[in-house]
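The values are calculated or read from the model by the stated rules, or taken from the named source; none is laboratory data. Here the structure is a predicted model, which is why all the values come from computation and not from measurement. In this analysis, Cβ positions are derived from the backbone assuming ideal geometry, glycine residues included, and neighbour counts consider all displayed protein chains.
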Amino acid sequence: MPILGAAAALGIHVEGRAASCFNGKAHHGGHDEHPSLVFYPDSNRFVCFACGVRGDLIDLVRAVRGVTFTQAVRWIESQTGGEFPAGDRPPDARPITQPRVPDAKDIEIYSVLYELTYEIGPAMPAGQYLVGRGLDPDLANRHHATQMGDSDRLWEDLLRRFGRPRLAAAGLVSRSGRFLFSQHQLLFFYFDDGVPLFVQARDITGRSRCKELSLAGLHSPVPYNVDLLRQRPDQIHLCEGCIDTLSALQLGYPAVGVPGVRGFRTEWFAHFKGVRHVVLLFDNDEAGLAQAAELRAQFRIRGIKADASHPSKVKDMNDLLRQAGKRGQL
């Protein structure tokens, strides 16, 4: 099935090969105001040059419809007369490009990056941003959130120490050859047993077209705040994103996080060994509801009780935190 035909069937308005990105939540203001999503008919792939979401035909269907791999294949078959179209990725194939887990050399770079950033104070830009979202900067510091200072100077330091090819391999170079996080001052480090294994960044100025960024071409080997799982808690809350994880923690819930709505990795189930009950606190939107339902089933298949919680009249855990603050319940 041609990807442009699939886009039209999915309700995406395409002009030429460009469209507004469907991943609106990752864009400033919740919408891609300047069409950044580009389709490549020759390879049946897509990429958003603002938020970085990319993939093939199946990935597009999964993302837009909020469905599983199998459901996406069935939808494509329904659009093409009941057979998976020749030339597209077959149902049992792996994605054309697979993100990899950071290796020891990457982790060395993340460790240096962590040391070159700063603990967040309430008067600092990152601190003011967190306070504005109802979050305690001290809580963020304890969970390895940091603020960058002069990003140009930091980048020059990293270039001197490691060189551009090594930094690119570690996922820190943008497509234009610049520092990937140059406009994203707030960093979240995924620590495991004292070692930073992954990094995400967030724009706190509102000027970037993509408010959240993850390392290019890599995925985290662990959930955010995985050290909590090492304690084998009876109950754990699984959140969508670092901000929501911190919000849940501030509300008193033992919580870990995934990098994004579909960021949970199958190999992560091993980290939940010994946990009796998982509560899924994903965003209260179509994608969040669908992914929570899928993970709920996957946890139950593995013998772990799981429930999805979506408080009414709020969009996510940070919204719930701020509403509780306004009502004086904190």
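Of note:
- Screening A9, A19 for residues that are touching a residue at least 60 places away in the same chain (Cβ under 8 Å) and among the hydrophobic types (A, V, I, L, M, F, W, C) leaves exactly one candidate, A9.
Residue-by-condition table, conditions (1) touching a Leu at 6+ places or on another chain (Cβ under 8 Å); (2) modelled with pLDDT of 85 or more; (3) hydrophobic (A, V, I, L, M, F, W, C):
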{"site": "R262", "(1), (2), (3)": "no, no, no"}
{"site": "K273", "(1), (2), (3)": "no, yes, no"}
{"site": "L295", "(1), (2), (3)": "yes, yes, yes"}
{"site": "L320", "(1), (2), (3)": "yes, yes, yes"}
{"site": "Q329", "(1), (2), (3)": "no, no, no"}
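- Residues satisfying the stated conditions in region 291-321, i.e. more than 16 Å from G241 (Cα to Cα) and assigned to a helix (DSSP H, G or I): A293, E294, R296, A297, Q298, F299, R300, I301
- Unmet criterion (only one of (1) of a type outside the set (V, I, T); (2) modelled with pLDDT under 80; (3) closer than 30 Å to L320 by Cα) for G134: (2)
- Residues that are in a loop (DSSP other than H, G, I, E, B) and crowded, with 22+ Cβ neighbours inside 10 Å, drawn from region 245-260: P259
- Checking G24 against (1) crowded, with 17+ Cβ neighbours inside 10 Å; (2) in contact with a His (Cβ under 8 Å, 6 or more places away or on another chain), the condition it does not meet: (1)
- Residue check, D56 closer than 27 Å to A297 by Cα and in contact with a Lys or Arg (Cβ under 9 Å, 6 or more places away or on another chain): yes
- Reported count of residues in region 289-308, each being touching a residue at least 60 places away in the same chain (Cβ under 8 Å) and not hydrophobic (A, V, I, L, M, F, W, C), is 2.
- Checking each residue in region 21-36 for being closer than 20 Å to P259 by Cβ and in contact with a helix residue (DSSP H, G or I) (Cβ under 9 Å, 6 or more places away or on another chain) picks out F22, N23, G24, K25, G30, D32.
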